[in-house]
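K.L.:
Quick one: this structure, given as structure tokens, is what I'll be asking you about.
The values are calculated or read from the model by the stated rules, or taken from the named source; none is laboratory data. Since the model is a prediction, treat every value here as computed from it, not as a measurement. Positions of Cβ are generated from backbone atoms using ideal geometry, with glycine treated the same way; all protein chains shown enter the neighbour counts. Ligands, DNA and RNA are stripped out before the accessible areas are found, and what is left, the full protein with its side chains, is counted by its heavy atoms. Shrake-Rupley method; radii C 1.70, N 1.55, O 1.52, S 1.80 Å.
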Amino acid sequence: MIGKGPKQRISGLSAPDGPQRALIISSFVSRVGNGLFNAAAALYFTLVVHLPAAQVGVGLTIAGLTGLLAGIPAGNLADRYGPRTVCLTSLAMQAATMAAFVFIHSWATFTLIATLDRLAATAGGAAGGALIARAGGERPAAFRAKLRTFVNLGVVLGTLGAAFAVSVNTRPAYTVLILANAASFACAGLIALIGVPNYQPLPRPREHHGWAVLADRPFVSFVALYGAMGLQYQTVSLLLPIWLSAHTDAPRWTVAAVYAVNSGVCVLFQSRIGSRVETPRQGGRAFRLAGLFFLVSCPLMALTADVPAWIAPGLAVLAVCVHSLGEVWESSAGFALGFGLAPDHAQGQYQGLFGIGFDAGQALAPVVLTAAVLGLGHAGWLLLGAFFAALGAAGPLVAAWAERTRLTSRDTACAAQGRSGEAPLLDADR
């Protein structure tokens with residue numbers, strides 16, 4: 001929270017290295033499984049289950065939008081009963097739903113299972129955010145940055161493993177991937193059960209309620225900014241590959257190189273940069289810097305269509321290096337503001353809304369990027385870079401706004417204490 005020094009934070013939030021290590025290992029294991037499955041999921045549903053691509057897209061859209069509903073309720077459960085309980089429940093549900101994909105034969109069954117899977121994933125994200133806040137002690141944003149380094153590494157390793165199933169292209173090969181992903185969720189839950197304490201809920205002020213986060217206008221504003229800035233993720237994973245294949249003569253391996261460079265930069269710099277972005281004010285400045293990186297990277301990506309085929313791969317790699325640095329600063333800003341603006345007693349609720357905003361942006365990204373940017377060509381890339389820069393410029397303003405509202409709330413609480421002679425309520429920020 002704004003204005004809290006290390007000695008002012010709740011004493012029960014400090015944590016030894018053991019819980020952090022367990023969370024890192026647990027997250028790494030589950031993301032290896034994600035990498036195994038996600039890289040081959042579309043091929044499994046279309047080539048093995050024989051669902052039309054359009055139906056797969058509709059089913060995933062329904063699942064994604066429905067999954068958003070779980071964010072705040074799951075966060076409230078984490079705040080009320082403890083984050084580990086909700087996190088373990090979501091991991092168990094994800095293990096079950098992932099294994100169930102082996103048995104699907106129709107679009108209705110696919111959509112139902114995918115929806116249950118997204119509900120569990122959203123709930124796990126909200127509870128996991130609260131768990132990170134507790135295990136992270138005095139520096140939850142720095143711990144989250146370190147955690148993301150291992151998460152990225154896990155996805156890379158899983159993606160490499162998925163190449164085997166894709167090359168074999170048989171139902172048994174895909175089945176192995178699916179069951180391996182299901183097992184990764186189960187193993188991640190077991191690791192968390194053994195190595196992460198069952199943190200008890202923190203005391204809450206009397207005026208706290210289950211939807212209090214929606215009244216926190218600075219936080220809601222940042223969630224909207226972060227969700228919109230989240231378009232940058234699919235700029236590399238979706239937009240650039242389409243651009244390279246349709247508008248340049250770059251060799252096909254360029255797309256693979258782009259993925260590798262993006263992951264490599266994030267693995268190398270996430271923890272290093274994230275450790276320097278811990279307060280909301282630092283997060284606001286990091287968000288602005290991220291927008292400037294994207295302002296440079298988007299025109300560079302557009303220029304790959306205007307250079308010879310032998311230059312295009314190098315230019316694409318350069319653009320992605322710049323873009324990936326922006327991604328690291330952007331995610332670091334998200335950790336600092338996402339944790340720093342949330343009251344300690346309501347981290348689950350706040351992380352639930354934060355996840356909803358990000359997931360909503362990801363759901364809209366394919367339509368926005370393909371229609372607006374690809375439709376306008378070079379001008380679309382320039383507008384996209386300017387859009388990111390404008391979002392980034394708003395970061396410090398929102399951070400300053402949030403700081404003012406929290407200082408005002410504390411002053412009001414202190415004044416009330418002076419009038420009544422009673423101690424102010426714990427973290428009565430709103």
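K.L.:
With no solvent and one point per C-alpha, what does the Debye sum give as log10 I(q)/I(0) for region 156-207 at q = 0.18, 0.20 Å⁻¹?
P.N.:
-0.71, -0.78
K.L.:
How long is the gain from L69 to L43 if the chain were fully straight, where each residue apart is worth 0.36 nm and the alpha carbon distance is subtracted?
P.N.:
6.6 nm
K.L.:
Shifting gears a bit: Starting from the Cα-Cα distance between Q200 and L214, subtract it from 0.36 nm times their residue separation and give me the gain in nm to one decimal.
P.N.:
Length gained between Q200 and L214: 2.6 nm.
K.L.:
Pop out the carbon and sulfur fraction of the accessible area of the chain as a percent, whole number, probe 1.4 Å.
P.N.:
Heavy-atom surface of the chain belonging to carbon and sulfur, 1.4 Å probe: 68 percent.
K.L.:
Can you report the principal axis dimensions of region 110-219 using only the alpha carbons, biggest first, rounded to whole angstrom?
P.N.:
58, 32, 29
K.L.:
In addition: If I build a Gaussian network model for the chain, linking alpha-carbon pairs within less than 10 angstrom, which residue out of F269, F354, F37 has the largest mean-square fluctuation?
P.N.:
Per the Cα network of the chain with a 10 Å cutoff, F269 tops the list.
K.L.:
Roll a 1.4 Å probe over the protein heavy atoms and report the accessible area of Y233 in Å², nearest 10.
P.N.:
The accessible area of Y233 comes to roughly 50 Å².
K.L.:
Compare the Cα positions of P241, A99, G154 along the charge dipole of the chain (+1 at Cβ of Lys, Arg; -1 at Cβ of Asp, Glu; about the Cα centre) and return the one farthest towards the positive end.
P.N.:
In the chain, that residue is G154.
K.L.:
Please tell me the relative contact order of region 264-366 in percent, rounded to the nearest whole number, where contacts are Cα pairs under 8 Å and at least six residues apart.
P.N.:
37
K.L.:
How many percent of Cα pairs in the chain exceed 34 Å?
P.N.:
Tail of P(r) above 34 Å: 31 percent of Cα pairs.
K.L.:
So, one more: Before anything else, pin down the relative contact order of the chain: Cα pairs under 8 Å, at least 6 apart, normalised by residue count, whole percent.
P.N.:
Once normalised by length, the contact order is 25 percent.
K.L.:
Please arrange E403, E330 by accessible surface area, largest first, computed with a 1.4 Å probe and ligands excluded.
P.N.:
So, going from the largest accessible area down, we get E403, E330.
K.L.:
While we're on this one: Normalised by the number of residues in region 39-182, what is the relative contact order in percent for Cα pairs under 8 Å and 6+ residues apart?
P.N.:
Here the relative contact order equals 33 percent.
K.L.:
Still on this structure, I have one more. On full extension of the chain, what length is gained from T175 through Y81, given 0.36 nm per residue of separation minus the C-alpha to C-alpha distance?
P.N.:
So the extension gain works out to 30.3 nm.
K.L.:
Compute the distance in nm between two label points, each set 7 Å from the Cα along the Cα-to-Cβ direction, one at L318 and one at L157.
P.N.:
According to this spin-label approximation, the distance is 3.5 nm.
K.L.:
Could I ask something else about it? Between A224 and A390, with labels modelled 7 Å along Cα→Cβ, what's the label distance in nm to one decimal, could you check?
P.N.:
1.3
K.L.:
OK, next. State to the nearest 20 debye the size of the charge dipole of the chain about its Cα centre, where the only charges are +1 on K and R beta carbons and -1 on D and E beta carbons.
P.N.:
Approximately 780 debye in magnitude.
K.L.:
Accessible area per residue, 1.4 Å probe, Å², for the chain: what's the number?
P.N.:
Heavy-atom accessible area per residue stands at 42 Å².
K.L.:
Still on this structure, I have one more. In whole Å, what are the Cα extents of region 249-336 along the three principal axes, biggest one first?
P.N.:
Over region 249-336, Cα extents along the principal axes are 45, 22, 13 Å.
K.L.:
On to the next question. Could I have the simple spin-label model distance between V368 and V166, label points 7 Å from Cα toward Cβ, reported in nm to one decimal?
P.N.:
So the two model labels end up 2.7 nm from each other.
K.L.:
Angle between the Cα long axis of helix 217-229 and the longest principal axis of the chain, 0 to 90 degrees, nearest 10?
P.N.:
10
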